[in-house]
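Structure, as C-alpha cells:
Only the coordinates and a few stated rules stand behind these numbers; no lab work does. In this text the structure is predicted, and so the values were computed from the model without any measurement. Note: ideal-geometry Cβ built from the backbone for every residue, glycine included; neighbour counts use all protein chains shown.
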Amino acid sequence: MVQTENDPGAGSGTLLQVEDLRVEFPTPSGAVEVVAGVSFDVRPGETVAVVGESGSGKSVTSLAVLGLLGPGRVASGTITLRGEELTGAGRDRLRTLRGAEIAMIFQNPMSALDPLFSVGDQVVEAIRVHRPTTRAQARARAVELLREVGLPDPERRMRSYPHELSGGQQQRVGVAMALACDPGLLIADEPTTALDVTVEAQILALMRRLQAEHGAALLLITHDMSVVARMADRVVVMYAGQVVERGRTDRVLAAPAHPYTRALITSVPTVDTGRDVPLPAIPGRVPNPSEIPAGCRFHPRCPEAVPRCRTEQPPVVGTPDGGESRCWLSDPAAELAGAAGATR
Ligand SMILES: Nc1ncnc2c1ncn2[C@@H]1O[C@H](COP(=O)(O)OP(=O)(O)O)[C@@H](O)[C@H]1O
Ligand SMILES: [Mg+2]
C-alpha cells in the first residue's frame, strides 16, 4: 500500500474515530485530567499502535473506547465506531458492542479466563453470548478457533483448565475468545508484555495472520517500538496524556519528528538484552497527571528543549506522510531565537 495518511484508499473510511478525547479521574483534591485532548482514527483492517512509556494514558484511552473507565469519565471529546457515538451510549449498548463489534486481548490472559471453567466451556460461552447458536454448533466452532490459534490437539484442549496451559497457550485462548464473534475492532493492551521474547514473536505473528484472515482492525497498545515496527501500519505516540506524534510507521521509524519518539526508538530492547535487562532509559519519568509542567509536557526530559518549550505549549505541526508532531522544533516558522539554554 502506497498512500499517505490522508488518502483514504479503496474501501477504507474510518472504523474508530477518537476526537479531542479528555478523560478525568476523581481524586481527593479534585478531578485530574489523565487524557488531555487525544485524537486518532483506525480504519477497517489496519493496525494502529499506541506507544508510550508507562503512565502515558494508553490504557485509559482504550478503556474509554470500551466504556470501561470505572470511576473515570469522558470530560469532553467524541469516540465514534462506524459513525455511532460511544461516549453517550448506554451501558447495555456498550456491553453489546463489546464482544460483538469490539473485542479485547489482555496483557494477562488469565484476566480473560476463569480458572474454574474448562477452556472449551469459556470459548463456547464467548461464541454464544452474542450469537444464537446451538451448543453443538458453538462447540464445533470453538474447536475450529482453537485449531486456528495453533493449539495442538484442540479437541483435547477443550477439556483443559487454564492453569494446565503455558502463558503462550493461555494467550492463544485469549486470542480465540476475542475472535469468537468476528469483531471489526480488536483492542490489545500490551498483549505480549508478560511473555518471553520467543513466545511473544509467535503470538504477534498469530495476531497478524488472524487479523488478516478475519479482516479485523487492531488497536495495539505497547511500550515497545520493536513491536510497533513489526505490527503497525500507523502509530500514535503518547506522552503524559497527549499525542506527541502520529503517522505512518515507516515514516515515524525512519524520520521521527518528535524528540520523544526519537528517544523511544533508541531505547528499544533487543532480543540480545532480553526484557529483564533495564532499557537504556530516557532520564526522568512521565509526570504525574496532577503535576503537568508548563509549556511542552516533555520539556523537562527533552535533550533538545529550547527556552520557548518551557513556557509555551508547542504547536501541532503536519508531517509529510499526513501525520503530525507536537513540537516547537517541528515548526519551521517558529521563532526559536535565544535557543540552547539562553533566557529571554
Ligand atoms: N482509576 C484511576 N484513578 C486515578 N488515576 C488513574 C486511574 N487509572 C489510571 N490513572 C492514571 O492515569 C494515567 C495514565 O494511566 P494509564 O492509561 O494506565 O497509562 P499507560 O497505560 O500508558 O501506562 C496514570 O497517571 C495513572 O496513574
Ligand atoms: Mg497501560
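Couple of notes before you dig in:
- With a Förster radius of 56 Å applied to the beta-carbon distance between HIS214 and THR311, the computed FRET efficiency rounds to 0.70.
- The order of PHE25, PHE40, going from fewest to most other C-beta atoms within 10 Å of their C-beta, is PHE25, PHE40.
- Considering all C-alpha pairs of the range 1-121, those separated by over 26 Å amount to 30%.
- For VAL35, the residues 5 or more places off, or on other chains, whose built amide H falls under 5 Å of its own are VAL23.
- Long-range HN-HN contacts of SER76 with modeled amide H, under 5 Å: ARG22
- Applying the Karplus relation 6.51 cos²θ - 1.76 cosθ + 1.60 with θ = phi - 60° to the range 158-165 yields 3J(HN,Hα) values of 4, 8, 6, 9, x, 5, 7, 9 Hz, where x marks Gly and Pro.
- Rg(Cα) / (2.2 N^0.38 Å) computed for the range 38-188, rounded to two decimals: 1.11
- Considering all C-alpha pairs of the range 108-182, those separated by over 17 Å amount to 32%.
- Relative packing of 151-162, 101-112, 231-242, which averages over residues the other C-beta atoms within 10 Å, highest first: 231-242, 101-112, 151-162
- The calculated FRET efficiency for the pair ARG131 and ALA75, based on their C-beta separation and a Förster distance of 35 Å, comes to about 0.50.
- 13 Å reach of a label modelled at ASP250, 7 Å along Cα-to-Cβ, counting backbone N of the range 202-219: none
- Across the options ALA178, LEU219, VAL244, the greatest Cα extent toward the positive end of the charge dipole of the range 165-276 (unit charges at beta carbon of Lys, Arg, Asp, Glu) belongs to VAL244.
- This model, with +1 at the C-beta of Lys and Arg and -1 at the C-beta of Asp and Glu, gives the range 108-182 a dipole about its Cα centre of some 180 debye.
- Fraction of alpha-carbon pairs over 26 Å apart in the chain - percent: 52 percent
- Comparing Cα centroids, the range 176-196 and the range 116-147 end up 17 angstrom apart.
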